[in-house]
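The block underneath contains the structure these notes are about, expressed in structure tokens.
The values are calculated or read from the model by the stated rules, or taken from the named source; none is laboratory data. Computed from a prediction, not measured in an experiment: that's the story for all the values here. Positions of Cβ are backbone-derived with ideal geometry, glycine not excepted, and every protein chain shown enters the neighbour counts.
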Amino acid sequence: MPRRILNAPLWPTDDPETGSILERLLLLLEAGGPWRASFSDLAGLGLEMPDLEAPSRLHLHSCPFCTAVKTAAAAGLRACAANKAAVNWLVLRRQRPLAGLCGAGLTELLEPVRCEGRIVGILYYGGVVGRETEAAARRRLEQLCHRHGLPLEPLRQQFHAVPRVSAAEIEAARRRLRLAAELLAGVLRLGAATPPERLRAELTEQQAYHRRQASPLVRQAAAWLQRHFREPLEPPRLARELGCNPDYLRKLFKAQTGQGLAEFLARCRVRRACRLLASGRVTSGEAGFRVGFTSQSHFTRVFKAQTGLTPGQYRLARHAAARP
């Protein structure tokens, strides 16, 4: 296995020289040009593989115009999140890359990342306006503002500052994004510590949020919990982030996923702890605190309930299995 994969740091750092492979790849895609890159993790890969973990800011576009839309009103953030959930579902349904205009009119390219024949994530490349589609982009922005009550004039001013790109530049960006997806697929093949049959089961479970009746709100909540799994569970805060009532969110999440918010978060943490313990870079006593548990006894109890082993037993078993 390549040395850089083994020695990648456990935590994202925003440093292009020391961050995870995914983080460095996204920053490389953005380097020296107007395009902004992000990654939508559909299968909780960052929980299993530190090399595929990235800061929250790289899960959504953060160009000035996107930020202005999301912060213009609560409806702006909800509209962007709903649009992303919808296009993720479309990529899963069509099983191929997509290109077009986002809800605010920016040009976006979407490239699926595959493992074991399944789409496990989607690379996004955007933050620009195509010269050939600028008129349609302006109409899209006007429709968004009218539909959600967003202030049109301030957003128009931000829109004027968005970089313009030609059709040739879009095609070159598409090739870069396709290569990035192939590289990530290679990292999955080389670096996955999770047995293929278990990874397939995890993909089936995670992608169910996108393929069955789960609403966009539930999918957004699941994605938020996966990104913030180290933080204490605060349903009121999560509800504010998603613009809904906490009690309504709890009931809807339980009804559509079969598990409560706390149970889902605990499973995210245990999966991440399994990856840390298998890596050999942390002790069983340290793993629980790194993934968000504040009590060692609680971590051990939850871990054993989900895996059938204590953290120490799991660590020893994985190391024994790794010996030649």
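For the list (1) surrounded by fewer than 22 Cβ atoms within 10 Å (Cβ to Cβ); (2) modelled with pLDDT of 90 or more; (3) outside any helix (DSSP H, G or I); (4) out of contact with any helix residue (DSSP H, G or I) (no Cβ under 6 Å at 6 or more places or on another chain), I need the number of the one condition that ARG114 fails.
(4)
Residue by residue through the stretch 61-111, note down the ones that are β-branched (Val, Ile, Thr) and part of a helix (DSSP H, G or I).
THR67, VAL69, THR71, VAL87, VAL91
Filtering the stretch 218-234 down to residues that are at pLDDT 85 or above and buried (at least 17 other Cβ atoms within 10 Å of the Cβ), which residue is nearest to PHE253 (Cα to Cα)?
Top of the filtered list is VAL218.
Out of everything in the stretch 34-60 that is in a loop (DSSP other than H, G, I, E, B) and farther than 16 Å from TRP224 by Cα, what residue ends up being modelled with the lowest pLDDT?
Across the stretch 34-60, the extreme among qualifying residues is MET49.
Got at least one residue in the stretch 75-83 being modelled with pLDDT under 85 and charged (D, E, K, R)?
Yes - at least one qualifying residue is present in the stretch 75-83.
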